Amino acid sequence: MQLVEVHSALNHHRFRVGLGIGLNQEQQPDWFDHFDEVLRSSSWFQPYLQRTPHKRWILRQQRVTIGRIMAMHPAEGPSRFGLYNCIDNPEASRLLTQAAETWARKRGSQLLIGPFNPSIHDECGLLEYSNYPALYGYPQTPQHYINNLVACGYQRAKRLLTFLQTDERNASRLASRMAPLLNAMPEQGLQLEVAQWSTLGRDIQWVQSLINNCWSNNWGFEPIGRAQTRNLVLKVLMFLPKGALTFVSLHGKPVALALGIPNAKEIASDLNPSLGLLNLPLLFLRLRRCQCKHGRIALLGVIPELQGSQLSLMACVAMLSHLINKGLALGSSSASMGWILEDNQAMLRFLKLYGGEQVMSHLIMAKSLGTPG
């Protein structure tokens, strides 16, 4: 086996197409997965990688790529690894992780955690279990990824949970139980607002401020930059239904946000794979119209100052009701909410109260690198 540091265009190509390494036949990526991989892993399209030092490696055997990994060293927090794929071979996994560990250790890190693909604001974790079909944004990885990382000295750092909400049921529950709260919002100074082109500058500022505030105390959190925020808001406004990104303001100041996204894997599933990127115009049209049965609540947060208060409950219910009703109007019948940290008791209680069923779990792994010498 030969470990190769990625520099050349050819090896960058080998790295990108390594998305399916070690996956079984049912998990093999389709044209949409490869397209999404380019957007997430390329420094041309991913602002996070433009500002974060990183290094990539591939593992080759008999002219075949059998593994890949990327190490990242963010400005805050421990070093991270991601875009990890490997055959079921502990030695292959050891060679890949050792390269990432050595690089991170040389940069002064004492801990390596992951996988993040490439950041905590993107796809992350290794699939521990699932009793629901594949959904966009949730990695579908085989069990041997976890087993071989454990053999390399990695331990579970955090479990990320995903809950399923059935929209029709929860829409009626929210409407009946929470109508008094929603009706009282104006007199409390709360207002529901949605992102739109006419308020682009404000919305970018609000999203960056709220993400960096609402989740600042969460385990593993990493601040989101201006370019990364702008990239997110532009994609939402261009490709998702109006109202997918929503805020709650208190006396004109933003205090909460939520983001709902369609299940792009479902939308792309019946498009002609032989057409490849020629499918994109139809894909974007379907995304805009939310032509799928399932959506995802990707973000739902309130600033720390209000968390646990009546105003926080009002804000969450208002945004969740808006997204559920939006999904119902466009034909969606269910939504996943994830990921949720396993020790986020307040959110877990809220989800279970309104019919949430846990359907998926992902693991973040970590390894101590010792004290730098």
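The values are calculated or read from the model by the stated rules, or taken from the named source; none is laboratory data. A quick note: this is a predicted structure, and the numbers were derived from the prediction, not measured. Here Cβ is always computed from backbone atoms with ideal geometry, including for glycine, and neighbour counts include all displayed protein chains. SASA here: full protein model, heavy atoms, side chains in, ligands and nucleic acids out. Shrake-Rupley method; radii C 1.70, N 1.55, O 1.52, S 1.80 Å.
With respect to LEU59, is the statement that it is within 13 Å of ASN117 (Cβ to Cβ) and not charged (D, E, K, R) true?
On the way: within 13 Å of ASN117 (Cβ to Cβ): no; not charged (D, E, K, R): yes.
So LEU59 does not fit the description; no.
One residue is enough: does the range 65-88 have a residue meeting the conditions among the aliphatic types (A, V, I, L, M) and at positive phi?
Of the residues in the range 65-88, the ones among the aliphatic types (A, V, I, L, M) are 66, 69-72, 75, 83, 87.
Restricting the remaining residues to those that are at positive phi gives 83.
Yes, the range 65-88 has at least one match.
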Any hit, the range 131-139, residues being modelled with pLDDT of 95 or more, open to solvent by 10 Å² or more (accessible area, probe 1.4 Å) and touching a helix residue (DSSP H, G or I) at 6+ places or on another chain (Cβ under 7 Å): no
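For the range 156-189, which residues satisfy the criterion of being modelled with pLDDT of 80 or more, touching a Ser or Thr at 6+ places or on another chain (Cβ under 9 Å) and closer than 23 Å to ASN344 by Cβ? Quick ask: steps written out before the conclusion?
Let us first name the residues in the range 156-189 that are modelled with pLDDT of 80 or more, namely 156-164, 183-189.
With touching a Ser or Thr at 6+ places or on another chain (Cβ under 9 Å) added as a condition, the list becomes 159-164, 189.
Correct list: ARG159, LEU160, LEU161, THR162, PHE163, LEU164.
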Condition met for GLU305 (open to solvent by 20 Å² or more (accessible area, probe 1.4 Å) and in a helix (DSSP H, G or I)): no
Considering residues of the range 77-129 that are open to solvent by 50 Å² or more (accessible area, probe 1.4 Å) and hydroxyl-bearing (Ser, Thr, Tyr) only, the residue nearest to the chain's Cα centre (by Cα): TYR129
Any hit, the range 91-109, residues being modelled with pLDDT of 95 or more, hydroxyl-bearing (Ser, Thr, Tyr) and under 12 Å from CYS152 (Cβ atoms): yes
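Please enumerate the residues belonging to the range 33-76 that are assigned to a helix (DSSP H, G or I), open to solvent by less than 10 Å² (accessible area, probe 1.4 Å) and touching a residue at least 60 places away in the same chain (Cβ under 8 Å). Spell out how you get there, then give the answer.
Of the residues in the range 33-76, the ones assigned to a helix (DSSP H, G or I) are 33-41, 47-51.
Filter once more, keeping what is open to solvent by less than 10 Å² (accessible area, probe 1.4 Å): 37, 41, 48-49.
If the condition is that a residue be assigned to a helix (DSSP H, G or I), open to solvent by less than 10 Å² (accessible area, probe 1.4 Å) and touching a residue at least 60 places away in the same chain (Cβ under 8 Å), then SER41, TYR48, LEU49 are the ones that fit.
Residue by residue, here is whether (1) in contact with a strand residue (DSSP E or B) (Cβ under 7 Å, 6 or more places away or on another chain); (2) part of a helix (DSSP H, G or I); (3) among the acidic types (Asp, Glu); (4) without any contact (Cβ under 8 Å) to a residue 60 or more places away in the chain holds:
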site: CYS316; (1), (2), (3), (4): yes, yes, no, no
site: GLY338; (1), (2), (3), (4): yes, no, no, no
site: ALA346; (1), (2), (3), (4): no, yes, no, yes
site: LEU351; (1), (2), (3), (4): yes, yes, no, no
site: MET360; (1), (2), (3), (4): yes, no, no, no
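Grab the helices (runs of 4 or more DSSP H) fully contained in the range 193-299, keeping just those with 2 or more residues being out of contact with any strand residue (DSSP E or B) (no Cβ under 7 Å at 6 or more places or on another chain) and open to solvent by 50 Å² or more (accessible area, probe 1.4 Å). Can you show your working first?
Working: elements: 200-214, 226-239, 264-268, 280-289.
The qualifying helices (runs of 4 or more DSSP H) are 200-214, 226-239, 280-289.
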